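The values are calculated or read from the model by the stated rules, or taken from the named source; none is laboratory data. If you're wondering where the values come from, they're calculated on a predicted model, not measured in any experiment. A quick note on method: Cβ atoms are made from the backbone with ideal geometry, for glycine too, and the neighbour counts reach across all protein chains shown.
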Amino acid sequence: MTGKHDKKPGVSPKLVINTALAALFMLLASLAARFSSLNPFVIGAAAIIFYIPAQYLAGRLYSFFSFRMTSPDEESLPPILGNITLDFILKLYLPVVICDENGRIIWYNNAFIKISNPREVLYAKHIDSICSADIGQILADTSPNESLAVEVSSEDGVEATAYDRIFRIKGYRMTAQGKNYVITVWNERTEQRRLAKRLADEETIIAYVMIDNLDELMQFVQEKYRSASAKVEAILKEWADSVGGILKEYERDKFIFIFEARYLDEFIERKFDILDRIREVRIGEGSMPVTVSIGISRVHGTLAVKDHDAHASLDLALQRGGDQVVVKNAHNTEFYGGRTKTVQKRTKVRARVIANELTLNMAKAHNVLIMGHRNPDYDSIGACVGIARLAMFCGVRANIVVNRSDPSIKQAIQRVANLPEYADMFVDSFVGQDMIHSDTLLVIVDVNNPQQFAAPDIFDNVGTIAIIDHHRKTGDYSRQPVITYIEPSASSTCELVAEILEQSLPIGSLHREEADVLYGGMLLDTKQFSRNTGVRTFSAALYLRSEGANPAEVQLFFKSDLEDFMREAKFSMNVVTYRQIFAISMSDGDGSPQDRIAAAKAADKLLSVEGVMASFALVHIDDSVHISARSAGNVNVQLILEKIGGGGYYEAAGALLKNVTMTSALNSLKDAIDDYMKKK
């Protein structure tokens with residue numbers, strides 16, 4: 001068989017030229033010998049002498065003109081290029097493997113032999129038998145399936161492993177004699193990846209550590225403060241020394257911890273067991289354990305950026321109740337710990353600072369909008385009323401964004417409706433949207449999760465925001481509020497607002513009806529002052545009583561009619577226990593918005609059952625499942641429901657699962673409980 005570039009039989013052009021030139025010189029020599037008197041021998045010698053350079057000159061002229069007149073498609077060029085290409089690939093320092101279109105190896109160069117097993121014959125094997133990528137992935141322009149052990153970056157080619165090394169493999173399609181082939185060029189990246197990993201492992205991590213409850217535990221045993229603080233510091237120092245880190249105390253009971261990034265994954269794998277070790281330090285018999293909060297920055301950037309994010313992470317840990325670690329990554333925030341009940345702070349210094357900041361921002365605002373969470377309760381509406389009174393004291397127009405037709409707050413709205421200031425105080429989200437100005441202040445109470453805001457569109461459009469809440473913080477915001485007052489140790493948001501009012505308003509400035517609504521919010525969240533109460537709780541209640549709050553009239557807020565009583569009874573008919581200490585109640589069929597309140601009351605009542613440490617009530621409303629959770633104090637229901645998108649605080653939490661069935665919601669809840677118990 002002959003190919004396209006096979007030579008055809010015939011006379012060489014150079015031979016014809018040389019023959020013609022020789023004949024010409026012989027003719028000239030003959031003529032010179034015949035018509036001249038020169039010796040024929042001399043003439044012949046001269047002809048031979050001149051023939052040699054003439055032949056060389058003719059050959060060069062032929063080569064020059066044949067090169068200028070011949071196109072690259074002439075038959076003599078491909079064999080030359082083929083030889084050059086083959087020699088180049090053979091001697092190339094990069095490994096090269098040639099495969100057919102199915103990935104079957106048909107040839108490889110000497111450089112590839114050096115990286116592979118020299119005794120192994122690879123001909124006819126598929127390329128994916130020697131590396132973690134197949135021929136399709138090598139030629140692909142997009143990332144392959146995540147389940148495959150291959151990485152495609154913005155660079156050309158695909159990154160894969162072979163012979164315990166890392167290569168970036170680039171494939172080139174080619175066609176020869178009607179067949180398709182792929183030339184793969186292998187560029188080793190093993191050392192580059194090793195150095196990149198080393199740099200990542202040696203990157204500086206900044207963490208801030210704070211003993212978050214030692215002051216509160218020491219109020220009755222002050223003489224033991226030094227020994228307790230020394231024990232905690234010794235544990236932290238041992239922890240830092242174990243990874244070659246630096247631990248320095250920059251304020252009393254506050255430390256900065258600097259270590260290499262390689263150890264952070266070890267800490268995470270051990271679930272930051274440093275929290276458990278410090279929790280073993282106790283002051284006196286039966287007292288609360290000492291706890292710490294840790295904020296860690298895992299973002300890339302300058303030391304200033306890492307320091308700022310570590311501080312922000314520590315603040316978030318404290319706002320979530322302490323006794324936990326918050327790790328801020330480039331794209332998300334991770335939480336570890338948070339399994340002990342928060343201890344109430346006994347100082348009102350921060351309340352006074354927040355009150356001052358809030359009044360200053362109100363005085364500068366054109367108007368103030370106030371809102372709580374969706375499906376509001378008495379704590380939410382009571383806090384809104386308290387903030388509205390503060391805004392009116394500052395001389396600024398205030399409006400509360402709420403659904404007035406919600407039956408759960410009907411009694412509270414009716415209680416203040418007779419006051420002239422509240423004639424047009426309550427507006428819906430549509431009217432509230434029209435009230436937004438460039439210098440409007442939005443105050444959000446009793447919620448810090450944007451997904452649970454009563455009017456998220458107003459939150460998106462208002463420039464200046466303040467948040468006051470007692471639930472554990474769930475994450476960062478797209479826009480930073482000017483005031484973030486989140487105290488998980490407080491019994492209710494009404495307690496926080498009452499403290500702010502006490503610091504800001506003259507005595508007697510709060511109307512009796514407003515004091516009743518605030519008092520009702522505290523009663524609701526403390527279960528008639530039987531749960532999560534402290535010195536500040538009763539101090540706030542005392543202030544409201546001094547402003548005219550009437551406990552007897554407030555009790556009327558919680559009266560249930562017969563229909564509500566029957567709703568609560570539905571939950572008691574369908575109760576199951578899970579893991580022996582969890583009670584789960586479900587309402588049969590589709591419910592109404594009123595059933596959500598009944599679910600919360602049912603969860604409360606389930607705690608009275610012997611052996612139940614936490615209770616959950618589920619109700620299906622429209623296309624969503626509402627979950628109310630309560631704890632007797634040994635289980636953090638906020639951490640459980642946070643796994644499925646909910647939130648709250650240690651002893652009370654809630655979640656809303658959209659577009660799910662009751663069975664699916666129940667399974668998600670059980671999975672969250674299992675995860676919580678596994679980490680406990």
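Under 19 Å from Glu513 (Cα atoms), buried (at least 17 other Cβ atoms within 10 Å of the Cβ) and modelled with pLDDT of 90 or more: is that true of Cys394 in this structure?
For Cys394, the condition - under 19 Å from Glu513 (Cα atoms), buried (at least 17 other Cβ atoms within 10 Å of the Cβ) and modelled with pLDDT of 90 or more - is not met.
Failed condition for Arg320, given (1) without any contact (Cβ under 8 Å) to a residue 60 or more places away in the chain; (2) surrounded by 18 or more Cβ atoms within 10 Å (Cβ to Cβ); (3) among the charged types (D, E, K, R), with all others met?
For Arg320, the failing item is (1).
Can Asp87 be described as at pLDDT 65 or above, out of contact with any helix residue (DSSP H, G or I) (no Cβ under 7 Å at 6 or more places or on another chain) and either basic (Lys, Arg) or more than 19 Å from Val182 (Cα to Cα) (or both)?
no
If you go through region 281-299 one residue at a time, do you hit one that is modelled with pLDDT under 90 and assigned to a helix (DSSP H, G or I)?
No, region 281-299 has no match at all.
In region 239-252, which residues are under 23 Å from Thr204 (Cβ atoms) and touching a helix residue (DSSP H, G or I) at 6+ places or on another chain (Cβ under 9 Å)?
Hits for region 239-252 are Trp239, Ser242, Val243, Gly244, Gly245, Ile246, Leu247, Glu249.
Can you find a residue that is outside any strand (DSSP E or B), buried (at least 24 other Cβ atoms within 10 Å of the Cβ) and out of contact with any helix residue (DSSP H, G or I) (no Cβ under 9 Å at 6 or more places or on another chain) anywhere in region 638-650?
Yes, some residue in region 638-650 is outside any strand (DSSP E or B), buried (at least 24 other Cβ atoms within 10 Å of the Cβ) and out of contact with any helix residue (DSSP H, G or I) (no Cβ under 9 Å at 6 or more places or on another chain).
Being of a type in the set (Val, Ile, Thr) and in a loop (DSSP other than H, G, I, E, B) is the filter; apply it to region 651-680 and report the residue that is surrounded by the most Cβ atoms within 10 Å (Cβ to Cβ).
Filtering region 651-680 for residues that are of a type in the set (Val, Ile, Thr) and in a loop (DSSP other than H, G, I, E, B), the one surrounded by the most Cβ atoms within 10 Å (Cβ to Cβ) comes out as Val660.
Answer yes if at least one residue in region 410-429 is surrounded by fewer than 17 Cβ atoms within 10 Å (Cβ to Cβ), among the charged types (D, E, K, R) and touching a helix residue (DSSP H, G or I) at 6+ places or on another chain (Cβ under 9 Å), and no otherwise.
Checking region 410-429: at least one residue is surrounded by fewer than 17 Cβ atoms within 10 Å (Cβ to Cβ), among the charged types (D, E, K, R) and touching a helix residue (DSSP H, G or I) at 6+ places or on another chain (Cβ under 9 Å).
Can you tell which of Val625, Val619, Val612, Val576 is of a type in the set (A, V, I, L, M) and surrounded by fewer than 16 Cβ atoms within 10 Å (Cβ to Cβ)?
It is Val576.
Out of the residues in region 608-627 that are of a type in the set (A, V, I, L, M) and over 13 Å from Asp595 (Cα atoms), which is modelled with the lowest pLDDT?
Val609
Under 8 Å by Cβ, and 6 or more places apart or on different chains, what pairs join a residue from region 114-140 that is of a type in the set (Asp, Glu) with one that is in a helix (DSSP H, G or I) and buried (at least 19 other Cβ atoms within 10 Å of the Cβ)?
Asp128/Ile135; Asp134/Ile127
Count, please, the residues in region 229-265 that happen to be among the β-branched types (Val, Ile, Thr), farther than 18 Å from Asp276 by Cβ and in a helix (DSSP H, G or I).
Selection size over region 229-265: 0.
Which residue, of Asp446, Asp516, Asp469, is in contact (Cβ under 8 Å) with a residue 60 or more places away in the chain, acidic (Asp, Glu), outside the structural domain of Asn332 (by TED's automatic domain parsing) and touching a strand residue (DSSP E or B) at 6+ places or on another chain (Cβ under 9 Å)?
Checking each option against the conditions leaves just Asp446.
With the requirement that a residue be over 15 Å from Ile444 (Cβ atoms) and either surrounded by 21 or more Cβ atoms within 10 Å (Cβ to Cβ) or free of Cβ contacts under 8 Å to residues at least 40 places away in the same chain (or both), what does region 357-371 give you?
Listed by number, the residues that qualify are Leu360, Ala363.
Please find, within region 580-601, the residue that is modelled with the lowest pLDDT out of those that are among the aliphatic types (A, V, I, L, M) and farther than 14 Å from Lys527 by Cβ.
Of everything passing the filter in region 580-601, Ile597 is modelled with the lowest pLDDT.
Are there any helices (runs of 4 or more DSSP H) wholly within region 468-584 with 2 or more residues that are farther than 25 Å from Ala391 by Cα and of a type in the set (Gly, Ala, Ser), and if so which?
Output list reads 562-572.
To keep it simple, each residue is scored yes or no on (1) hydroxyl-bearing (Ser, Thr, Tyr); (2) without any contact (Cβ under 8 Å) to a residue 12 or more places away in the chain.
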{"position": "Tyr263", "(1), (2)": "yes, no"}
{"position": "Arg282", "(1), (2)": "no, yes"}
{"position": "Val290", "(1), (2)": "no, no"}
{"position": "His300", "(1), (2)": "no, no"}
{"position": "Leu314", "(1), (2)": "no, no"}
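Any residue in region 439-460 that is small (Gly, Ala, Ser) and either surrounded by fewer than 19 Cβ atoms within 10 Å (Cβ to Cβ) or closer than 22 Å to Leu501 by Cα (or both)?
No, every residue in region 439-460 fails to be small (Gly, Ala, Ser) and either surrounded by fewer than 19 Cβ atoms within 10 Å (Cβ to Cβ) or closer than 22 Å to Leu501 by Cα (or both).
Give me a count of the residues in region 440-455 that are modelled with pLDDT of 90 or more and either in a helix (DSSP H, G or I) or in contact with a Gly (Cβ under 8 Å, 6 or more places away or on another chain) (or both).
Looking only at that region, the number is 7.
Condition test on Phe557, is it modelled with pLDDT under 90, over 30 Å from Leu666 (Cβ atoms) and under 43 Å from the mean Cα position of the chain (by Cα)?
Here the answer is yes, as Phe557 does meet what is asked.
Using the structure shown, decide if Asp469 is modelled with pLDDT under 95, more than 23 Å from Arg512 (Cα to Cα), within 29 Å of the chain's Cα centre (by Cα) and buried (at least 24 other Cβ atoms within 10 Å of the Cβ).
yes
Keeping to region 565-593, report how many residues are in contact with a helix residue (DSSP H, G or I) (Cβ under 6 Å, 6 or more places away or on another chain) and either among the charged types (D, E, K, R) or over 24 Å from Asp671 (Cα atoms) (or both).
2
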